[in-house]
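As structure tokens, the structure follows; a few thoughts come after it.
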Amino acid sequence: MWRRLGHKGEQTLTAALDNPDGDARFRDQEARADAEDKRRRAAEREAQRPLCKRCGGKFTDERWEETTARTAWKVGDLSVCGPCHADDVARKEAAAEAARIQAATPPEPEPEHDQEPGKLRGLFRRRG
């Protein structure tokens, strides 16, 4: 009689060498090891995920990829998350729109100086 590691009870030598459930156990063990490896890699990736300097939120996968891509100079401030970056873009667009409106608006004409020569203007103006 033989005792096999991981098995309960005793087996004959031919039954122990036959190993009928060994392949299934190996597949189960391999699946558990793969799942543990995936979990560990995901935890390491989350630990490396950058945080936003403004709000402290974690970057989304898309924003993280944008900031690490070769064209990172196009994405603005690399230290802010997606929503904060969107706020920056909206603020810049609003400022550009205000500048366009101000440039398109003609300047207001200065008031005419048709006051009588004897009257004072401003703080010491005479009351009539």
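Selection within the range 47-80: residues that are aliphatic (A, V, I, L, M) and out of contact with any strand residue (DSSP E or B) (no Cβ under 8 Å at 6 or more places or on another chain). The member of this set that is modelled with the highest pLDDT is ALA47. Contact map, the range 92-105: first residue closer than 18 Å to ASP77 by Cα, second residue open to solvent by 90 Å² or more (accessible area, probe 1.4 Å), Cβ cut-off under 6 Å, separation 6 or more or different chains; the map is empty.
The values are calculated or read from the model by the stated rules, or taken from the named source; none is laboratory data. Values in this document were obtained by computation on a predicted structure and should not be read as measured data. No Cβ is skipped: glycine too gets one built from the backbone with ideal geometry, and neighbour counts run over all protein chains shown. With ligands, DNA and RNA removed, areas are computed over all heavy atoms of the protein, side chains included. Shrake-Rupley method; radii C 1.70, N 1.55, O 1.52, S 1.80 Å.
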